[in-house]
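What follows is a set of notes on a single structure, which appears directly below.
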Amino acid sequence: MNAAKRMIPLIIAWIVLLILFRMKVPAFLARDNMIDLVQQISVNAIIACGMTYCILIGGIDLSVGAVLALVGTVTVWVLSLGAGSEQSILQLLLAVGAGLGVAALFGLFNGFCAAKTKMPPFIITLGSMLVARGVALRINETPIRVPAQDTLFLAIGNARIGGIVPVPVIIMLVLLALGAVLLHRTRFGQHLYAIGGNREAARFTGIAVGRAELIVYILCAVLTGVAGMIHASQLYSAEPNSGQGFELNAIAAAVVGGTSFTGGVGTIPGMLLGAVIIGTLDKGLNQAGVHFSLQYILKGLVILAAVYMDVRRKRQA
């Protein structure tokens, strides 16, 4: 079954969710609610794009939630150094550069350890998750409010083009389009599929597996950094404790969208559809008044079902 055919059941499942939530919440399909939904999905979809790369080569990145919080904290902290003065484009660029630089460092660390040591990516990124969270709390244990004069930074997460299309959605679409081209239209993307399919065979064919791993984890971290800035902008503040559970949502979006945990199978369009399904499920359950404990249970069952279907599909292949 090719990628397009694998997406048909996901599209049907999404339509069923929309119908069910429309029956429970009459205003669920209203324009403003749908715009709010896609805006909420944007952060998870950007993170899940990087997560898809990691899972595709047989890895994982559990540090994305903590890195998101750290990037937001660093960026807003740099912005706050100029609080009280006129908005400076230079200071905004410095803040964004500092945030993405920190993200890239964590990606470099994760990628280097994955490529040069025999430690499982699960353990590597679990450790870096704790480090990132600790660093964020060391910078400031309480939320740091975005200075009111930093209207450009606030626009990243809250402005709408033409009063309708949220800026985060535009950023998401641009990044996912570039991500799809990188994965599906370049030699580097072909190498990632080869590594996920058979790592040793890929190495014997001359693919620089270690270098590819390094690039993948840096890309994942930088994409998470962009999502962290959007998230901080949407909250009007940086919260060192934010981002908890974001790694699970990103993994869920990738897996539900057809990315195989065993590696070698996955697409960016599929991941986006998975993010839409997870986002619809979250928003629908919240608006329907379902208790948060049941929301965890349902989301867990969805992930298990997606993994089971992947395992069953591989056995039939």
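Listing for the model above:
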quantity: Within the accessible area of the chain (1.4 Å probe), percent carbon and sulfur; calculated: 69
quantity: For the chain, built as a Gaussian network whose Cα springs stay under 10 Å, the top-fluctuating residue of GLY127, GLY206, GLY257; calculated: GLY206
quantity: Given the chain, longest segment not containing exposed loop GluC sites (Glu not before Pro) (DSSP; at most 12 other Cβ within 10 Å); calculated: 142-317
quantity: Positive dipole terminus of the chain, leading residue within GLN190, LEU20, SER293 (C-beta point charges); calculated: GLN190
quantity: Solvent-accessible ranking of TYR296, TYR217, TYR193, largest area first, probe 1.4 Å; calculated: TYR296, TYR193, TYR217
quantity: Computed [θ] at 222 nm, deg cm²/dmol, the chain (DSSP H ≥ 4; -39,500 (n - 2.57); rounded to nearest 500); calculated: -25500 deg cm²/dmol
quantity: Listed residue (SER237, PRO147, THR125) projecting farthest to the positive dipole end of the range 114-259, Cβ model; calculated: THR125
quantity: The chain: mean projected area of Cα convex hull, nm²; calculated: 17.0
quantity: Pairwise label distance in nanometres, ASP32 with ILE303, each label 7 Å out on the Cα-Cβ vector; calculated: 3.4
quantity: Exposed trypsin sites (Lys or Arg not before Pro) absent: longest stretch of the chain, with sites in DSSP loops and at most 15 other Cβ within 10 Å deemed exposed; calculated: 186-317
quantity: Within a Gaussian network of the chain (alpha carbon springs, distance under 10 Å), most fluctuating of VAL209, VAL169, VAL256; calculated: VAL209
quantity: Solvent exposure of the chain as accessible area per residue, Å², 1.4 Å probe; calculated: 47
quantity: Rg/Rh (Cα only; Kirkwood hydrodynamic radius) as it applies to the range 197-317; calculated: 1.04
quantity: Average projected area [Cα convex hull, the range 70-172], square nanometres; calculated: 8.2
quantity: At least 18 Å along the helix axis (C-alpha) and Kyte average at least 0.5, DSSP helices within the chain; calculated: 3-24, 31-56, 64-80, 89-116, 121-139, 167-184, 209-235, 268-287
quantity: Residue order for MET51, MET119 - accessible surface, 1.4 angstrom probe, largest first; calculated: MET119, MET51
quantity: nm² value of the averaged projected area, convex hull over the Cα atoms of the range 140-200; calculated: 8.1
quantity: Pairs of lysine residues in the chain - Cα separation under 26 Å, sequence separation of 8 or more or cross-chain; calculated: 6
quantity: Most mobile of ILE11, ILE164, ILE218 in a GNM of the chain (Cα contacts under 10 Å); calculated: ILE164
quantity: Total formal charge among the other residues, if their Cβ is under 14 angstrom from that of PRO168, Lys/Arg +1 and Asp/Glu -1; calculated: 0
quantity: With all protein chains modelled, accessible area of TYR53 [1.4 Å, Å²]; calculated: 10
quantity: Debye intensity ratio I(q)/I(0), log10, the range 101-254, q values 0.08, 0.10, 0.15, 0.18 Å⁻¹ (C-alpha model); calculated: -0.29, -0.45, -0.94, -1.22
quantity: Percent of C-alpha pairs per 5 Å bin, the range 176-224, short to long; calculated: 5, 21, 29, 25, 14, 5, 1
quantity: Under the Debye formula (equal points on every Cα, no solvent term), log10 I(q)/I(0) of the range 6-51 at q = 0.19, 0.32 Å⁻¹; calculated: -0.76, -1.00
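The values are calculated or read from the model by the stated rules, or taken from the named source; none is laboratory data. Remember, it's a predicted structure, so these values are computed and weren't measured experimentally. Ideal geometry is used to build each Cβ from the backbone, glycine not excepted, and the neighbour counts take in all protein chains shown. SASA here: full protein model, heavy atoms, side chains in, ligands and nucleic acids out. Shrake-Rupley method; radii C 1.70, N 1.55, O 1.52, S 1.80 Å.
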